[in-house]
Amino acid sequence: MEIRDVLAGRDYEVSPYSGLTREHWKKAGICLLEGIFSHIPSFDAPVVTVRRETQVTYPHADVPVQVRRVEEKAQIFEGLARSFMIASVLIHEDPELTLSGISLREYYKAHILLSCTRKGHREYVGTYGEMQEATNHEDPFRPFQQTVETCALVIGLWACREEIWQTYTREEKDAIACFLKSYAEANTVPQNWRLFNMLDMAFLNQEGYPADRLIMREHAQAILAYYAGGGWYRDGHSFDYYSCWAFSFYAPLWNLWYGYEHEPYLAARFEENSHELMKTLPRFFDEDGFVNMWGRSGIYRNAVVSAFDANFFLKKPSVDPGLARRISSGSLLQFFERDDFLWEGIPTLGFYGQFGPMLQRYSCAESVFWLGKAFFCLHLPKDHPFWTSQENNGIWEEMKEKDFRETYLPGPGLAFSNHKANGETILRTGKVLKDKDDLPGMWAYGKLCYNTKYPWEASPMTDNKRMESVESQQYVLENLTDQVIRRANVTFWCGEREGVLYRRQFFDYTLQQECHWMQAVNLADFPVPFGLVRADKLRLCKRPVTITLGAYGFPDNGTVTQEKTQGRARAIVLKGHDHSGRPRAMAMTIYDGWDELVTLKSTGSNPDSEHSILVYARTSRLRQYDSSEAYILISQVLTRDDGQDFTEEELFPVTDICYTDEGRTGAYGQVVLSLRDGTRRVVCYDGLEGELSL
């Protein structure tokens, strides 16, 4: 089935925004499974898809032979379990579903049994204990990727319980249960992985294999201890979509399977947290329902919408079903309307097309099917409100032409603004800690902001060489004495005051060095109809330095560039279109503190298009302890996608900048920005030191 067939015959009566119905979702799921089964030569062959990338993802060539064998088995199991999240709901609806001449019900029934019970077989995964022996690992508590996939497996077995699980013999069920139990009660990673163990035990408990209540309670209370507020859970040092597609997907399901009956207090807490998330999660998406490219595991794409579906597992769901379906369908279209989303029928290892800079070593070619969680909404019957309610677009329907809405979540340190003028949502993160050498981590977490229509750009590449002195939506310092490059690798949340968000970034932050010896910048930014205005304050401990700040990466498929000035302000405007031909326009304006605006062409650094352009600002600070040099860097980045030009008023919205200090450098006191629309923004950095939160 071609993607164009999936999207044909849209129905705009019940789905006025997306046109997608439950039938379209079923077709989309079948389309993905057809891609998988087109690479399975016979009933006996495992789920192993085509592999286009071999340098980062596993199975790795640079590991011992025994470890590689374990990774190859993990790859097979990952393909089976993750694809089963899509297949299970379709099998439940149509037990006779056949693809490439293979019965899905019989295939998954047979291969699950092989993977869990048939020692010596190529697909046999091995129990937790057997995995320890196979790797000869010195750490007796080492976790294995297989724990993750056992959870996907039990979710699928639950979704098509009558069609597969109930058809196994008692002996087969016992053997599968023994395999699952070995992972369920073994060591795990002390973060979102605990939920995999919880779901394994809960499934087994439902099927008459008693769970260890002490282990279950230990995991559940630890998961709740990660809760940070606003519906978000901290996952390691960071906040990202794992809070939604792991914590807020698995926990409600655990409530349904186990918690409500056996741990009512813990279950009530999980339910409260899900409802809290539903209050603001819809605003995380843009007017088209697009999801932001942010955080690790971006190859999972729209899996974040599974948090909406999971809210329906609860006793009293709170999510608006028409809004949940609109966003879910919008984010599905975000990818299914791209001609580069699939490669030989399989989702690429990228966000849209193949994109190496975002990949992690824990992924394999089959990992992409974590996005199967988005399709789990098909477990909801045809007459469920999720499918029958009229699509609505939430706050986007309430806003006027140039309105914007802001949401601040101090617990996870997240701020996002919805911009009616361009339909985009901009995310600003405030609690980020990455190693100074972790470039992919900083791209995924540490940029100043993330835009739903301008996915983050990696370091620009020219002539096959990475440019180190400039990044999109990041400050970069270069020490002119020794040419050392320093990037902001830690971001502290300082809160919002009078519509201005404050954060602090340190450059080359390490725990071994007192932070007051580190270069830093106080971030202060606020939204305007088409983007954000920045008024950031430098704290430089060493000079001379050059400072750069990039805009978003701009897809270059034929771009027109303009330069404009107004008084001291300068702007560069880019106008073109993205990979799919949609119009795109972006402008970067600089005011005080900057010396010049520059454009740079890049290849292979943009998730949307092979070629891109980066507009960036540059300035130098040459003299140590010289308060005559500006401390404040004022800039603006605007975007639009309607094919129209920016007006002079939009390009240069600031009419006056008033400083407390007589030298107009921002060395001390507040800065007041007066805008053309009559509003004033007072930026005051005093007191930030006492507000730093990580």
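The values are calculated or read from the model by the stated rules, or taken from the named source; none is laboratory data. Every value quoted in this text rests on a predicted model; they were computed, and no experiment measured them. Neighbour counts are summed over all protein chains in view; Cβ atoms, including those assigned to glycine, are modelled from backbone coordinates with ideal geometry.
Here are some notes:
- Options G19, G35: the member that is modelled with pLDDT of 95 or more and touching a Pro at 6+ places or on another chain (Cβ under 9 Å): G35
- Residues in region 486-532 that are among the β-branched types (V, I, T) and at pLDDT 95 or above: V490, T491, V500, V521, V528.
- Between Y362, Y408, the distinction of being out of contact with any helix residue (DSSP H, G or I) (no Cβ under 6 Å at 6 or more places or on another chain) and modelled with pLDDT under 95 belongs to Y362 only.
- Verdict on M85 being under 30 Å from the mean Cα position of the chain (by Cα) and either in a helix (DSSP H, G or I) or among the polar types (S, T, N, Q) (or both): yes
- Filtered residue count, region 88-123, keeping only those that are farther than 14 Å from W165 by Cα and either assigned to a loop (DSSP other than H, G, I, E, B) or under 30 Å from the mean Cα position of the chain (by Cα) (or both): 12
- Residue match in region 344-356 (condition: in a helix (DSSP H, G or I) and either surrounded by fewer than 24 Cβ atoms within 10 Å (Cβ to Cβ) or within 17 Å of the chain's Cα centre (by Cα) (or both)): yes
- Criterion: under 22 Å from F84 (Cα atoms), of a type in the set (S, T, Y) and touching a helix residue (DSSP H, G or I) at 6+ places or on another chain (Cβ under 8 Å) - qualifying residue of Y227, Y209, Y233, Y241: Y241
- Which numbered condition S620 fails, given (1) within 32 Å of the chain's Cα centre (by Cα); (2) within 25 Å of V476 (Cβ to Cβ); (3) touching a residue at least 60 places away in the same chain (Cβ under 8 Å): (1)
- Taking the conditions (1) surrounded by fewer than 23 Cβ atoms within 10 Å (Cβ to Cβ); (2) small (G, A, S); (3) under 26 Å from E72 (Cα atoms) in turn, S115 satisfies each one other than (1).
- Residues of region 357-404 that turn out to be part of a helix (DSSP H, G or I), of a type in the set (D, E) and closer than 30 Å to K420 by Cα, as a count: 1
- Criterion: surrounded by fewer than 22 Cβ atoms within 10 Å (Cβ to Cβ) and either in the same structural domain as D438 (by TED's automatic domain parsing) or farther than 23 Å from P440 by Cβ (or both) - qualifying residue of C515, C494: C515
- Residue check, V6 under 22 Å from E149 (Cβ atoms) and among the β-branched types (V, I, T): no
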